[in-house]
Amino acid sequence: MTKNKDGMRYPSIDNLLAKIDSKYKLVYAASKVAKIIDEEKLTIEGAKCVKSVGMALEEILSDKVDIEFET
């Protein structure tokens with residue numbers, strides 16, 4: 001596993017906002033995915049981030065998570 005040396009610059013907020021149109025929705029989605037990663041003790045193949053929130057953001061960025069928001 002390669003450790004993320006970019007800190008908070010990876011994944012890029014601009015790239016993430018191209019996937020989810022609101023910072024608030026992005027935080028909500030990332031927290032829900034991170035909770036699943038923690039509770040299920042999932043290992044994410046090829047993840048650069050070591051923390052569950054970073055892994056969740058990577059999963060959102062790579063379209064591995066299907067998220068629907070109610071309006």
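The table below lists the values:
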| item | result |
| --- | --- |
| CD proxy at 222 nm, helix term only [per DSSP H run n ≥ 4: -39500 (n - 2.57); per residue of the chain; nearest 500] | -15000 deg cm²/dmol |
| Lys/Arg +1, Asp/Glu -1 at C-beta; the chain dipole; positive extreme among Ser22, Phe69, Cys49 | Cys49 |
| Exposed-loop-free span, longest in the chain, where trypsin sites (Lys or Arg not before Pro) count as exposed if DSSP calls them loop and at most 11 other C-beta atoms lie within 10 Å | 6-40 |
| For Cα Rg over 2.2 N^0.38 Å, calculated from these coordinates, the label among [x] 1.23; [y] 1.38; [z] 1.05 | [z] |
| In region 17-48, the GluC sites (Glu not before Pro) that fall in loop regions by DSSP, at most 12 other Cβ within 10 Å | Glu45 |
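Values in this text are rule-based calculations from the coordinates and carry no lab data. From a predicted model like this one, the values you see are computed outputs, not experimental measurements. Note that each Cβ is placed from the backbone with ideal geometry, even for glycine, and that neighbours are counted across all protein chains shown.
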